[in-house]
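Worksheet for the structure shown next.
No lab work stands behind these numbers, since they all come straight from the coordinates. This one's a predicted model, so the numbers in the text were calculated from it and none came from an experiment. All Cβ positions, glycine included, derive from the backbone under ideal geometry; neighbour counts span all protein chains shown.
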Amino acid sequence: MKCLITGGTGFLGRHLVPHLKESGAETTVLNSKNCDLTDRANLLRFSAEKFERIYHLAAWTKAGDFCLHHKGEQWVINQLINTNVLWFWKTHQPQATMIAMGSGCAYAPELDLKEENYMVGEPDRDLYTYAMTKRMVYAGLLALHQQFAMQYRYLVPSTLFGPLFDQQDNHFIFDLIKKIAAAKKTGGRAVLWGDGTQIRELLYVQDAVSLIDLAVEHCPNELLNLGSGIGYSISQYAAMVCDIIGLDPGRIDYDTAHWSGVPKKVFNPQKIHDRFKFKFTDIKTALAETAAYHMPRMFDS
């Protein structure tokens, strides 16, 4: 089986690509260094290949407040990337199944975060531009399926975490681990953004890879949330990490002057529970494995 993976060296790709290889797939991995997806001509060198699957993981974004300061760039760059990938699929790889990744930020935060509401209402104002580019990917998949019967999966993971992250992977849980580990080493204090009450759902990246496999095999032409539907407050996550690392939780401060995002983001998991009866990795076990990977690398010179 031949697979094309865009964004294949990003955090999810660093887990998905080895899994595909171990499963016997022949992988072609694209990233921003070897293929600028904003120029569709760069995809033409792969037009003679016959891929069975295209995994579209690529996106121009970062965690934190990046979306607040790059709205125009995010619209133009992501629209180019997504349109070019869908054009390449339709024009040169119509036999392939497209597996594209959505984002939980595309949901209107006041609604139940279930699949039927993905295109309903307005996304969070601060994340609006990036969220709408993700909705546009789904609109493109629907259009190509409806007109040309092309096959797709549109998968929306909750926030991913686990080993193999790097310094560019700044989602809140990685930042939290870094700050708590630094406080442990230096004897100082860890300062976290927000007031600690905001609730977030995490998905261990190895669980995400397993769920992607299941969705590809069993959920043709569907949008599917990937998540347990269980969320914890930032202060609860901090307490878990403190217990793992060995830091007194009393040495954590909260900086309410910084942007902390929507108050709560937890998926409705009913669809995935009904389909797969999937057993998610215990959150404390997954956090411990993530911290164990990070700690030896954190203070390398």
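In this structure the amide hydrogen of Gln151, modeled in the peptide plane, comes within under 5 Å of the amide hydrogens of Met98, none closer than 5 places in sequence on its chain.
For the chain, a crude dipole built from +1 on the beta carbon of Lys and Arg and -1 on the beta carbon of Asp and Glu, taken about the Cα centre, is about 380 debye to the nearest 20.
Listed from fewest to most Cβ neighbours within 10 Å, the set Ile81, Ile283 follows the order Ile283, Ile81. Relative to the longest principal axis of the Cα atoms of the chain, helix 128-148 runs at roughly 30 degrees. Using Cα atoms only, what is the angle between the long axis of helix 205-218 and the major principal axis of the chain, expressed in degrees (0 to 90) to the nearest 10? The helix 205-218 is inclined about 30 degrees to the chain. Name the shape class, rounded, prolate or oblate, that the alpha-carbon gyration tensor gives for segment 64-146, where a ≥ b ≥ c are the square roots of its eigenvalues, rounded holds for a/c under 1.5, and otherwise prolate holds if a/b is larger than b/c and oblate otherwise. In terms of gyration-tensor shape, oblate.
Nearest-5 percent of antiparallel DSSP beta bridges in the chain? If we restrict to bridges inside the chain, about 10 percent are antiparallel.
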